[in-house]
1. So between Met228 and Gln300, what do we pick up on full extension, going 0.36 nm a residue minus the alpha carbon distance?
2. Quick one: which of Lys32/Lys301; Lys114/Lys239; Lys32/Lys239; Lys239/Lys292 span more than 31 angstrom between C-alpha atoms?
3. In the chain, which longest range has no GluC sites (Glu not before Pro) that are both DSSP loop (not H, G, I, E or B) and surrounded by at most 10 other Cβ atoms within 10 Å?
4. Count charges around Ile396 for me, please; just the other residues with Cβ under 14 Å from its Cβ, Lys/Arg as +1, Asp/Glu as -1.
5. Give me the extension gain from Met1 to Gln55: residue separation times 0.36 nm, minus the current Cα-Cα distance, reported in nm with one decimal.
6. Assuming R0 = 22 Å, can you tell me the calculated FRET efficiency for the pair Glu148 and Leu218, based on Cβ-Cβ distance, to the nearest 0.05?
7. Given a Förster distance of 25 Å, report the FRET efficiency between Val70 and Asp251 from their Cβ-Cβ distance, rounded to the nearest 0.05.
8. Grab the DSSP H runs of the chain that are 4 residues or longer, score each as -39,500 (n - 2.57), total them, divide by all residues and round the 222 nm result to the nearest 500 deg cm²/dmol.
Amino acid sequence: MSICTRFAPSPTGYLHIGSARTALFSWLFARKMAGKFILRIEDTDLERSTQASKQIILDAMEWLGLNYDVGPIYQTDRYLQYHAVIEQLLQTNHAYRCYCSKERLALLREEQQKNKQKPRYDGCCRNLSAYPTDKPHVIRFRNPLEGEVVIADAVKGTVVFANAELDDLVIAREDGSPTYNLTVVVDDADMNITHVIRGDDHLNNTPRQMNIFFALGLTPPQYAHIPMILGSDGKRLSKRHGAVSVLQYQDMGVLPEALLNYLARLGWSYGDQEIFSIDELIRLFTIEGIHKSPATFDEQKLLWVNQQYLKQTSPQTIKPQLAAQFEKLGIDTSSGPDLDAVFLLMRERVHTLEELARTSRYFYHAVDYDVASAEKFLTPESVAILNTAKAQFANIPWQLENIHQALEAICVAHGVKMGKVGPPIRVATTGSTQSPTLDQTLYLIGREAVLARLEMALAFIARR
Ligand code: GLU
């Protein structure tokens with residue numbers, strides 16, 4: 001049997017990282033089993049689906065590198081297939097027309113709520129003597145009244161639903177448009193999906209979908225329902241908890257491999273290994289390895305994983321993404337040090353590319369002094385040191401080794417330690433006391449800029 005999985009997002013907004021994890025698990029399983037992975041966009045909710053959010057899904061999949069073998073398939077292109085199946089269900093008496101008015105259904109619901117019953121359709125139109133087609137109606141699936149549906153879920157184990165608990169769900173609305181549970185079954189059947197890996201918020205839909213499969217004389221796929229991702233407060237992860245959209249992490253300069261690595265570990269594990277290459281994930285992933293209990297999202301850990309990736313990645317691969325981050329911050333990097341060099345020097349100190357660009361401004365232009373740092377170190381007592389620095393830096397070959405020696409020469413000239421010499425020079429040239437080692441920092445800033453900034457700092461002190 002050749003394995004086929006799918007990712008079936010509804011394009012109703014941003015792509016949630018929980019959805020990305022669902023996509024990842026489906027993709028990993030297909031890749032591991034040398035099967036197929038399908039992208040199916042469930043856009044039948046015309047009021048909520050937008051072109052922009054379809055594009056967001058495509059962009060996010062591309063950025064993450066979750067390539068699909070088939071798709072994108074849009075459900076709105078498949079109405080003929082859905083109508084054919086609805087017709088088939090009507091013909092075989094597995095579906096019926098229902099004429100109940102909205103008012104009647106509202107009253108029924110009210111009554112049931114009053115009696116503390118679960119709101120459900122009472123089957124009023126299940127056995128009519130005639131089913132006129134010209135009266136307004138919806139179409140309902142005739143769910144079996146007895147017996148049970150047993151889901152052999154690959155994550156949850158055996159889950160049993162009594163048919164008596166499931167009412168006759170609407171499969172076509174009054175305007176004829178098919179509903180979610182119907183379209184999913186038609187598609188999963190037509191596309192020969194062997195494994196449906198999705199969030200466990202769909203678990204309640206599964207017995208309904210399986211009954212439609214049975215009514216069509218088909219075998220349902222294997223289901224694997226993954227537990228939700230929770231925020232730190234134990235509630236379902238949402239915007240309230242911070243960034244939850246995939247493209248927000250792209251904007252922050254999280255690397256796609258790092259996000260995938262983090263998401264893979266969120267609800268799946270392989271011993272206590274934290275860092276996995278994509279190839280390793282494909283090799284090691286199993287549905288059995290998916291945890292049964294919900295995972296808690298931890299942004300700090302995601303940022304830590306990203307830092308591990310930044311430390312390993314070659315500057316060449318990162319350059320376009322890094323350049324985009326500088327550009328977004330309006331930092332012109334066309335003159336000044338090579339991005340590669342800045343990346344190599346700064347990457348240990350940051351968690352994202354955005355942070356790297358933001359904290360690397362001073363390599364490209366003078367920045368405002370951090371007030372407390374200037375207060376403490378750009379003082380009349382520093383003037384002599386800054387002047388010596390100017391003189392020293394003016395004439396040496398601009399090499400790391402020479403800059404290092406020059407800094408030591410300044411210490412010797414003033415009979416002080418590096419702890420006295422470093423801070424004023426650092427604040428003068430970078431704006432604050434936070435930078436990588438001074439010799440390397442100065443080297444990258446470049447002689448011209450270093451001399452100009454020492455001069456500016458002296459003028460600043462003179463004005464104080
Ligand atoms: N379109 C559904 C959603 O976005 C997923 C349906 C499914 O995976 O079966 O929640």
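Each reported figure results from applying straightforward, stated rules to the coordinates on display, with no laboratory input. The model shown is predicted, which means the values in this text are computed figures rather than measured ones. Cβ atoms come from the backbone with ideal geometry, glycine included; neighbour counts cover every protein chain shown.
1. Values: separation 72, 0.36 × 72 = 25.92 nm, distance 1.91 nm.
Full extension from Met228 to Gln300 adds 24.0 nm.
2. On the way: Lys32/Lys301 26 Å; Lys114/Lys239 35 Å; Lys32/Lys239 33 Å; Lys239/Lys292 24 Å.
Those over the limit are Lys114/Lys239; Lys32/Lys239.
3. On the way: sites that count: Glu47, Glu146.
Maximal segment without exposed cleavage sites: 147-464.
4. Details: positive: Lys390, Arg447; negative: Glu401, Glu408, Asp439, Glu448.
Taking every other residue near Ile396 into account, the sum is -2.
5. Details: separation 54, 0.36 × 54 = 19.44 nm, distance 3.29 nm.
Between Met1 and Gln55, full extension yields 16.1 nm more.
6. Values: r = 19 Å, r/R0 = 0.86.
It comes to 0.70.
7. Details: r = 29 Å, r/R0 = 1.18.
The value I calculate is 0.25.
8. Numbers: 19 runs with 216 residues, N = 464.
-14000 deg cm²/dmol, from helical runs alone.
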